[in-house]
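What follows is a single structure, written as structure tokens, with notes after it.
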Amino acid sequence: MSNWFQWSFSGLQPQCSAALCSAASRARFRARHAIPALRRVLMAVALVPAVAGAMAVPEVALGPRTGHAFSLATGELVYLEVHRPETADGRVLRDQVEYRGPDGELLARKSVDYRPDPVCPTFRLEDLRTGYVEGLERSADGRTVLFHREDTDAPLERAPVSAEGLVADAGFDMLIYRELESLQAGERPVIPFAVPSRLDTLDFRLRKLDRRQVLGRTATVIRMELANPVLRWLVEPIDVAYDAETGALLRYEGISNLPNPDGDGNYRVRIDFPPAGVEPEPPAGEPSQPVKQR
């Protein structure tokens with residue numbers, strides 16, 4: 001199966017028009033940068049800032065939490081996500097996130113500030129292995145500005161974007177809380193999402209997939225997919241499971257925001273945030289593809 005990064009156009013029918021393929025190619029370039037940003041949204045456990053009218057987060061999100069990231073291909077643990085939120089009055093103000101390898105090596109870090117906007121917080125993520133940086137900030141005149149740097153030797157680039165309805169990073173979880181009832185009723189909202197790596201935004205569609213047992217809990221599974229109907233069938237969706245009773249994030253499955261040093265592109269992962277006393281559940285791994293005989 002294809003994933004959000006590694007689009008496969010080899011399966012397209014030969015009669016596919018040049019215009020369609022050209023449009024898909026252009027969207028491919030935008031999407032390959034957008035999805036890692038979406039991935040970072042989903043995995044931020046500090047869900048809601050302390051602002052008037054903001055929804056309180058699940059109790060489990062008020063304390064430190066660790067996500068266990070397993071390769072979907074092999075079932076092996078590839079890294080941990082360690083969240084240390086700063087809270088007040090039952091709400092999360094900021095979050096400090098560390099990405100660590102199985103041996104404890106610090107791979108990347110992220111800081112998030114939810115106070116300016118519950119759905120569009122400011123944030124900064126840095127990959128310590130390459131020097132890649134991306135994030136969102138507010139300028140002195142109140143504009144919403146995206147920024148990114150490809151590596152340590154590259155310049156830091158910035159660009160303002162429209163803030164109307166914008167969702168960024170862990171603000172996605174606040175959006176899920178706000179829209180969960182309508183999603184369960186069958187609505188399929190389309191959201192503009194901040195993509196710092198492209199200094200731009202991209203539209204995604206949300207929908208309820210099903211209810212299932214995840215880590216011993218009944219979970220509501222929300223699917224994220226490109227809003228563009230032509231491109232939607234070309235790529236693998238992202239599925240995120242939330243505890244149906246508490247709303248806590250339980251599991252993410254899809255493309256990771258961290259590159260795989262032993263492969264082409266980023267990890268494809270299952271990341272479990274197990275409740276207290278529950279062990280994470282590594283995936284079984286994918287069967288090896290048979291070698292074609294010449």
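One table, with the values for the structure above:
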{"quantity": "Meets criteria (more than 27 Å from Gln96 (Cβ to Cβ) and touching a residue at least 40 places away in the same chain (Cβ under 8 Å)) for Gly216", "calculated": "yes"}
{"quantity": "Search result, residues across region 156-178 that are free of Cβ contacts under 8 Å to residues at least 40 places away in the same chain and either surrounded by 19 or more Cβ atoms within 10 Å (Cβ to Cβ) or out of contact with any strand residue (DSSP E or B) (no Cβ under 7 Å at 6 or more places or on another chain) (or both)", "calculated": "Ser162, Glu164"}
{"quantity": "Residue in region 238-247 that is β-branched (Val, Ile, Thr) and either outside any strand (DSSP E or B) or more than 19 Å from the chain's Cα centre (by Cα) (or both) present", "calculated": "yes"}
{"quantity": "Options Val112, Val119: the member that is assigned to a loop (DSSP other than H, G, I, E, B), modelled with pLDDT of 75 or more and not aromatic (Phe, Trp, Tyr)", "calculated": "Val119"}
{"quantity": "Yes/no for Gly104 being over 25 Å from Asp272 (Cβ atoms) and loosely packed, with under 14 Cβ neighbours inside 10 Å", "calculated": "no"}
{"quantity": "Within region 88-101, considering residues that are under 16 Å from the mean Cα position of the chain (by Cα) and buried (at least 19 other Cβ atoms within 10 Å of the Cβ), the one nearest to Gly131 (Cα to Cα)", "calculated": "Tyr99"}
{"quantity": "Near pairs, Cβ below 8 angstrom, 6+ apart or cross-chain, from region 179-190 (exposed (fewer than 13 other Cβ atoms within 10 Å of the Cβ)) to any residue that is assigned to a helix (DSSP H, G or I)", "calculated": "Glu187/Glu179"}
{"quantity": "Top-ranked residue in region 219-237 [being among the charged types (D, E, K, R) and either part of a helix (DSSP H, G or I) or touching a residue at least 40 places away in the same chain (Cβ under 8 Å) (or both); ranked as surrounded by the fewest Cβ atoms within 10 Å (Cβ to Cβ)]", "calculated": "Arg232"}
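The values are calculated or read from the model by the stated rules, or taken from the named source; none is laboratory data. Fair warning: this is a prediction, and the values are worked out from it, not measured in the lab. Note that we place each Cβ from the backbone using ideal geometry, even for glycine, and neighbour counts take in every protein chain shown.
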